[in-house]
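J.: Structure below; questions to follow.
The values are calculated or read from the model by the stated rules, or taken from the named source; none is laboratory data. Because the structure is a prediction, the values reported are computed rather than measured. Note that we place each Cβ from the backbone using ideal geometry, even for glycine, and neighbour counts take in every protein chain shown. Ligands, DNA and RNA are excluded from the accessible area calculation, which covers all protein heavy atoms including side chains. Shrake-Rupley method; radii C 1.70, N 1.55, O 1.52, S 1.80 Å.
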Amino acid sequence: MEKMKIMLVDDEERFLKTTKKLIEKKGYEVLTAQDGEEALGKLKSQNVHVVILDVKMPGMDGNETLKAIKTLYPLVEVIMLTGHATVDSAIDGLKSGANDYLMKPADIDEIVEKATEAFEKRQRLEEKIRLAQTKKYMRSPREILKGDDE
């Protein structure tokens with residue numbers, strides 16, 4: 001089974017370093033990015049399953065980054081992270097495709113739990129896509145015989 005790969009995106013360097021170490025201790029691979037542009041750049045070359053994304057960042061904020069991720073990499077699950085929770089930003093994030101929302105300071109176990117749920121959702125979706133593709137290419141014997149008569 002594929003191991004979950006997480007990307008943390010936050011402009012607070014101390015948060016990135018500490019959270020990365022704690023999640024890696026639990027056996028997961030973790031990438032970090034300090035802003036939306038860096039995150040999008042890393043997503044081009046890395047197969048990331050779940051992004052933990054801070055809402056408030058200079059430059060490209062979390063909601064802008066979320067929209068770009070969902071446009072370019074629709075299977076990547078995103079969990080919004082904020083210390084400045086407003087109902088509006090939560091609603092915007094969820095409407096734009098965020099899987100879930102976490103409040104800072106978030107407990108490591110809670111981050112991992114939410115990321116695992118998002119990863120499992122992605123795996124179910126990938127399986128549905130594989131099945132749909134398989135059905136597209138596989139025809140039943142009846143369809144094959146029916147096609148030979150014509």
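J.: Filter region 40-78 for residues that are of a type in the set (D, E) and open to solvent by less than 70 Å² (accessible area, probe 1.4 Å); which is farthest from A118 (Cα to Cα)?
T.: D61
J.: Got at least one residue in region 90-97 being farther than 24 Å from E2 by Cβ, surrounded by 15 or more Cβ atoms within 10 Å (Cβ to Cβ) and in contact with a Lys or Arg (Cβ under 6 Å, 6 or more places away or on another chain)?
T.: Yes - at least one qualifying residue is present in region 90-97.
J.: Can you name the number of the only condition in (1) under 23 Å from T18 (Cβ atoms); (2) out of contact with any Leu (no Cβ under 8 Å at 6 or more places or on another chain) that T32 fails?
T.: Unmet for T32, out of (1) under 23 Å from T18 (Cβ atoms); (2) out of contact with any Leu (no Cβ under 8 Å at 6 or more places or on another chain): (2).
J.: Out of L94, L75, L81, I need the residue that is out of contact with any His (no Cβ under 9 Å at 6 or more places or on another chain), in contact (Cβ under 8 Å) with a residue 24 or more places away in the chain and aliphatic (A, V, I, L, M). Which one?
T.: Exactly one of L94, L75, L81 is out of contact with any His (no Cβ under 9 Å at 6 or more places or on another chain), in contact (Cβ under 8 Å) with a residue 24 or more places away in the chain and aliphatic (A, V, I, L, M), namely L81.
J.: Right, here's the next one. Please find, within region 1-23, the residue that is surrounded by the fewest Cβ atoms within 10 Å (Cβ to Cβ) out of those that are assigned to a loop (DSSP other than H, G, I, E, B) and of a type in the set (D, E). Outline the logic, then answer.
T.: First, pick out the residues of region 1-23 that are assigned to a loop (DSSP other than H, G, I, E, B): 1-4, 10-12.
The next check asks that each one be of a type in the set (D, E); those that pass are 2, 10-12.
Working: E2: 10, D10: 24, D11: 17, E12: 15.
Within region 1-23, the match that is surrounded by the fewest Cβ atoms within 10 Å (Cβ to Cβ) is E2.
J.: Moving to a separate point now. Kindly indicate which of K104, K135, K95 is charged (D, E, K, R) and in contact with a Gly (Cβ under 6 Å, 6 or more places away or on another chain).
T.: Within the list K104, K135, K95, the selection yields K104.
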